[in-house]
1. Tell me the residue from A:LYS391, A:LYS397 that is closer than 30 Å to B:SER148 by Cα, among the basic types (Lys, Arg), open to solvent by 100 Å² or more (accessible area, probe 1.4 Å) and within 12 Å of chain B (Cβ to nearest Cβ), please.
2. Tell me yes or no: at least one residue of region B:32-45 is under 19 Å from the mean Cα position of the chain (by Cα) and within 14 Å of chain A (Cβ to nearest Cβ).
3. What are the residues in region B:193-216 that are open to solvent by less than 20 Å² (accessible area, probe 1.4 Å) and either outside the structural domain of B:GLU159 (by the TED database) or more than 24 Å from the chain's Cα centre (by Cα) (or both), if any?
4. Would you say B:ARG142 is over 27 Å from A:TYR410 (Cβ atoms), assigned to a helix (DSSP H, G or I) and more than 10 Å from chain A (Cβ to nearest Cβ)?
5. Identify, by number, the condition in (1) open to solvent by less than 60 Å² (accessible area, probe 1.4 Å); (2) in contact with a helix residue (DSSP H, G or I) (Cβ under 6 Å, 6 or more places away or on another chain) that B:PHE108 doesn't meet.
6. Which condition does A:ASP375 not pass, out of (1) among the acidic types (Asp, Glu); (2) more than 14 Å from chain B (Cβ to nearest Cβ); (3) assigned to a helix (DSSP H, G or I), if it passes all the others?
7. Looking at A:PRO77, A:PRO53, A:PRO102, which one is at pLDDT below 80, more than 24 Å from A:THR33 (Cβ to Cβ) and open to solvent by 20 Å² or more (accessible area, probe 1.4 Å)?
8. Of the conditions (1) within 21 Å of B:ILE111 (Cα to Cα); (2) facing chain A (nearest Cβ under 9 Å), B:ASN181 satisfies every one except a single condition; which number is it?
Amino acid sequence: MANTNDAGVEALRRLQQIDPPSLLAPNPSVSETARSASQYLFTTLRPFSPKSPLDELLVDGYDAEQIWHQIDLQSQPLLSTLRRRLNQFVKNPEEIAQFKVPLDVGKKLEKKKRVELEEEESDDFDEELDDDDDDFEGVEKKKAKGGSEGEDDFEEEDDEDEEGSEDEDDEEDEKEKVKGGGIEDKFLKIDELTEYLEKEEDNYEKGEERDEADEDSEEDDELEKAGEFEMDDEDDDDDDEEDEEAEDMGNVRYEDFFGGKNEKGSKRKDQLLEVSGDEDDMESTKQKKRTASTYEKQREKIQSKIVLMEKANIEPKTWTMQGEVTASKRPINSAFEVDLDFEHNVRPTPVITEEVTASIEEMIQKKIVEGLFNDVQRAPKLPSKAPREVKQLDDNKSGQGLADLYEQEYVQKTDPTSAPLSFKDELKNEASTLFKKICLKLDALSHFNFAPKPVIEDMSFQTNVPALAMEEIAPVAVSDAAMLAPEEVFDGKGDVKEEAELTQAERKRRRANKKRKFKAEAVNKLEKKARLEKKADNAISCQVDG
Amino acid sequence: MASSSMEVDNVLSEQKVLPPKPKFEPLKPHEMPGAAVQFRKVSVPPHRYTPLKKVWMDIYTPVFEQMKIDIRMNLKGRKVELKTRHDTPDISNLQKCADFVHAFMLGFDVIDAIAILRLDELYVESFEIKDVKTLRGDHLSRAIGRLSGKGGKTKFTIENASKTRIVIADTKIHILGSFANIKIARDSLCYLIMGSPAGKVYSKLRAVTSRMAERF
């Protein structure tokens, strides 16, 4: 070991002496020295990294990459633990002061070398690490601990060394100060907690190496110390012994931590004494507290509550309790914080999801397939009275004389069966004449002795025939265009106007005419329907009777 | 009173028997006191002279044969003279014939005027445009045009709807028909004179006539 150590140191020294530029060019001797130096470092660090799988750095025949990986394997966990410790120290600077270990000279030297090496071997290490290490150096110096990058082991060693001193210190501290923080009371002390955590970490890292007996002894020791912290002046020794004897991991009791329940009050008193430092007051209050019965305690509680409630009643109420409150009477944006309940008159808008649209489309498709369209059908108007026969105004000169007109009227009045000749009757007449024509033709075809009816000639004058009818050999085209004048061809009525030319009054008139005709048609339809139904009923009744 | 008299009669039945009440037939015109024969004279305006000559027989026949009134034309005086005969049944015949001829003179057709002879309750109402509304110059002309309508169709519409006959002679308007019908026609014509468009008058007419028709 010593020889290798010396060799390693020698290698490091040599490396230090090399010029940095010469490192750039590949040099076998430099690589040799570097390898041996790194091997030395590795072996020195090995005890501090319990988890690393390699016992020593394998250098022969290995690539730079491979060597670097081996170093990495060792150093990464160390770095993480170092960072953690550093964060702890940053949070609780007081702990640093606690670690007061005198520097060993050897350790110092080693540290220096390592520091120099770190500075030189910048290729392998990040600058951050160097900075960290520099910082850590300062911290280390404070702590007066030897060591290199991120080692827990030295801390562990120190912890182990210092446990006893720490305990003593803690005991003293315990007496001197009672932390007023809200979290801490006689149950929980943060210092103890951190100590405990550290110890557990160390235990965990060492792990299987440790003997269980040792762990047990350690735990016993810890528990003892826990008990010791709380036991101050009073007779605790008996209790401690009792606790230790009664102790298994399962049966942890109140007394284990805080001693007997009888002494609870006394302990509290002692602590108060220490804090205030005024014994007289403490004694008086001590007496009062002793004599306060449960009833008095309850009454005190209730009274304090009463005071609070009366205070609340006297004060003006919050705006939510004030009834009708306008915006000026309450603080700005206070309505946001209160959960207001009011009735919504409007149904919340439905959220259109895919399912909703799918369901709607499904319904539509189904309706299309079935042909079930909910078309709005005009409700049939109930015939309240007989449909008025709308008299259409005739603007032609009436053929009958006034006398005939009145005669007709008189006849109508006296003899209701004789119906007046209306438009329908004219249609009937027209229909009858057509039928007669057809009958005539059929008779001509079917009868042996057929006497044709005398034809009544209806002469009409076509005034627009050309005067001369020249016979053409080859008529190119024959058309009736020349026969009739445009006004004869035109079958409109009166002055025909474009849609755009119509005035408002004319439009209205057109519409009114249309409506009238439509109504008349509707009336006719109804009558037809009624007649058909009657006929159908009659037919059915006849059939039934027949 | 009758019963009392009857009772009296019954009471006094033994004493007296009164004769039955007499029944008198209506007096014939020539039996009436005053002049036995009655005349009517209807002057013929110049514009009706030629039409009168054309339809003289149509006038003469019903008057002489059915009404039993003597009728003759005084060419010199341009008058139509009517006289009762001894067998004229009713004194009102003369008046009817006079009215009939007078209506023809106003401008009505014979076939329309004949209705006067046949029906009792037909009258002729005459009024002027200025009675309704004072119109002058172009307004008057336009009013007349409105009354007639294009090709006379407004006038015919009113005639057909109200069962009357209308004669528009310049500013004079004559309506022939029964009392109620005259009223309808007169109202329509007044609206037209006062400026209503024809369509409006038509709608009113329609409403009125349908109401009239419903009544019967």
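The values are calculated or read from the model by the stated rules, or taken from the named source; none is laboratory data. As the structure is a prediction and not an experimental result, all values here were calculated from the model. Heads up, the Cβs are rebuilt from the backbone with ideal geometry, glycines too, and the neighbour counts pull from every protein chain shown. Note: accessible area is taken over every heavy atom of the protein model, side chains too, but ligands, DNA and RNA are not part of it. Shrake-Rupley method; radii C 1.70, N 1.55, O 1.52, S 1.80 Å.
1. Working: A:LYS391 fails: open to solvent by 100 Å² or more (accessible area, probe 1.4 Å).
Of A:LYS391, A:LYS397, the one residue that is closer than 30 Å to B:SER148 by Cα, among the basic types (Lys, Arg), open to solvent by 100 Å² or more (accessible area, probe 1.4 Å) and within 12 Å of chain B (Cβ to nearest Cβ) is A:LYS397.
2. no
3. Step one: list which residues in region B:193-216 are open to solvent by less than 20 Å² (accessible area, probe 1.4 Å), which gives B:193, B:201, B:205, B:209-210.
Correct list: B:VAL201, B:SER210.
4. Yes; evaluated as a whole, the condition is true for this residue.
5. That leaves (2) as the condition not met.
6. (3)
7. After ruling out the rest, the residue left standing is A:PRO102.
8. All conditions are met except number (2).
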